[in-house]
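Right, one structure below, let's go through it.
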Amino acid sequence: MDKTDEMNKVDVGRLKAMADRFRSNVGNVLVGKEKAIDQIFIALLCEGHVLIEDVPGVGKTLLAKAAARSMNCTFRRIQCTPDLLPSDMMGIQFFNQKTCEFEFRPGPIHSNIVLVDEINRAMPRTQSALLECMQEQQVTVDLKSMSLPRPFMLIATQNPIELEGTFPLPEAQLDRFLLKVKLGYPSPEEENTVLSRFQHSNPLEELTSIVESSELVELQKICRQVFVEESIRDYIVRVNGATRENADIKLGTSTRAALGLQAASQALAGIQGREYVIPDDVKRLAPFVLSHRVIVKTEARLRGRSEDSIIEEILATLPVPAE
């Protein structure tokens, strides 16, 4: 099957139309964060999870709530604290005195969209309980495995400034997040618009859903059909491999990272109305897919090197496949 035959089967018009509606709908609440909104929608299309890391008060939780309200599906929030237990998230077996039988009471993780707020405030034991549901979309309680509803997406937030009373996410946990999103401070014009928009009411309360969960599952299938040429796959492999060979990186990215970068690139191409991935799709998303998965050496950090700068350097030096 050649490239033309493959592309003819992909209805990217639906992807682009829904992405435009999603961006506009969430944009009614969040001002000037179109790139971050697109990244959330890309993660939805890839059945991936998102870590939103930024300082307090810039809209991390607001973005997650607005994205969830834009979908007609179940949404739950988990507020992480040091005393949060795995059973508080997954659910428990309890004895029903009326029926004289044990019954399962599901926790908030049994939802389509789950907001895990301030995830780094949960104990490592509780953080580890999320590994199975993030990778396998199932939970195990009392030796019984249960599938989570589809679609399933976990949006976690954390504050990179406050360190007291927090537990840094281990590498295995970070590797299960498809994208790491940063919002940043708004410009003076955007902040002025925020003040005006929230002066009399909260626009989040008036936000309506624009996509059914069943339709999102169909869009996810369409996204996986976006054509990826062999040269693009080779480019993704070379970018991924370069993180393992870089002298300033202690731990490079995994194969899961390469799979995530390919899937995210397919989604980005689709929401832009293209039936095929181009190198710019890979270059645009690589910093958000790879930077949180690498560990920079201590001596490199002392020289001012960061994950983002190293990934950008790799992208700038590696040859890009010709079209």
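Give, as a single signed number, the net charge of other residues whose beta carbon lies under 12 Å from the beta carbon of L115, with Lys and Arg counted +1 and Asp and Glu -1.
Local net charge: +3.
Which of R197, R69 comes first, and how do the rest follow, when ranked by fewest Cβ neighbours within 10 Å? All intermediate terms of the calculation are to be shown ahead of the outcome.
Working: R197 15, R69 21.
Ordered from fewest to most neighbouring Cβ atoms within 10 Å, R197, R69 come out as R197, R69.
Just from its helices, what would the mean residue ellipticity at 222 nm be for the chain, if runs of 4 or more DSSP H residues each count -39500 (n - 2.57) and the sum is divided by every residue, rounded to the nearest 500 deg cm²/dmol?
On the way: 15 runs with 148 residues, N = 323.
Taken over the chain, the calculation gives -13500 deg cm²/dmol.
What is the antiparallel percent of DSSP beta bridges lying wholly in the chain, to the nearest 5? List each step's numbers first, then the result.
Values: 12 of 31 bridges.
Roughly 40 percent of the beta bridges in the chain run antiparallel, per DSSP.
With a point put 7 Å past each Cα toward its Cβ, work out how far T208 is from A247 in nm, to one decimal.
Taking the two extended label points, one gets 6.0 nm.
Using the per-residue mean of other Cβ atoms lying within 10 Å as a proxy for protection, in what order, highest first, do the peptides 53-66, 265-278, 179-192 fall? Please report the intermediate quantities before stating the final value.
Values: 53-66: 19.1, 265-278: 22.7, 179-192: 15.4.
Result, highest mean Cβ count within 10 Å first: 265-278, 53-66, 179-192.
Calculate the FRET efficiency for K297 and E101 from the Cβ-Cβ distance with a Förster distance of 51 Å, rounded to the nearest 0.05.
Numbers: r = 56 Å, r/R0 = 1.10.
Using R0 = 51 Å, I get an efficiency of 0.35.
Using a/c under 1.5 as the rounded threshold, could you call segment 3-225 rounded, prolate or oblate? The axes a ≥ b ≥ c are square roots of the C-alpha gyration tensor eigenvalues, and prolate needs a/b larger than b/c, oblate otherwise. Walk me through the numbers on the way to the answer.
Values: a/c = 1.69, a/b = 1.23, b/c = 1.38.
Oblate, because a/c is 1.5 or more while a/b does not exceed b/c.
At 27 Å minimum axial length over the Cα atoms and a Kyte-Doolittle cut of 1.6, report the qualifying DSSP H helices in the chain, or say none.
Details: long enough: none.
Answer set is empty.
Going by how many other beta carbons lie within 10 Å of each one, how would you line up V294, V211, V217, V26, fewest first? Walk me through the numbers before you get to the answer.
Values: V294 23, V211 18, V217 12, V26 27.
By the 10 Å Cβ count, ascending: V217, V211, V294, V26.
Measuring from label point to label point, each 7 Å out along Cα→Cβ, what is the T74 to R125 span in nm?
Roughly 2.6 nm, to one decimal.
Quick check: from the Cα gyration tensor, does segment 83-141 come out rounded (a/c under 1.5), prolate or oblate? Don't jump to the answer; show the numbers that get you there.
On the way: a/c = 2.35, a/b = 1.85, b/c = 1.27.
Prolate, because a/c is 1.5 or more and a/b exceeds b/c.
Measuring from label point to label point, each 7 Å out along Cα→Cβ, what is the L318 to R224 span in nm?
It is 2.4 nm.
Report Rg (one decimal) and Dmax (nearest whole number) for segment 227-323, counting Cα atoms only, units Å.
Considering segment 227-323 through its Cα atoms, Rg and Dmax are 13.5, 44 Å.
Computed from the coordinates by the stated procedures, all read-outs in this text should not be read as laboratory data. This structure is a prediction, so every number in the text was calculated from the model and none was measured. Every residue, glycine among them, receives a Cβ derived from its backbone with ideal geometry; neighbour counts consider all protein chains shown.
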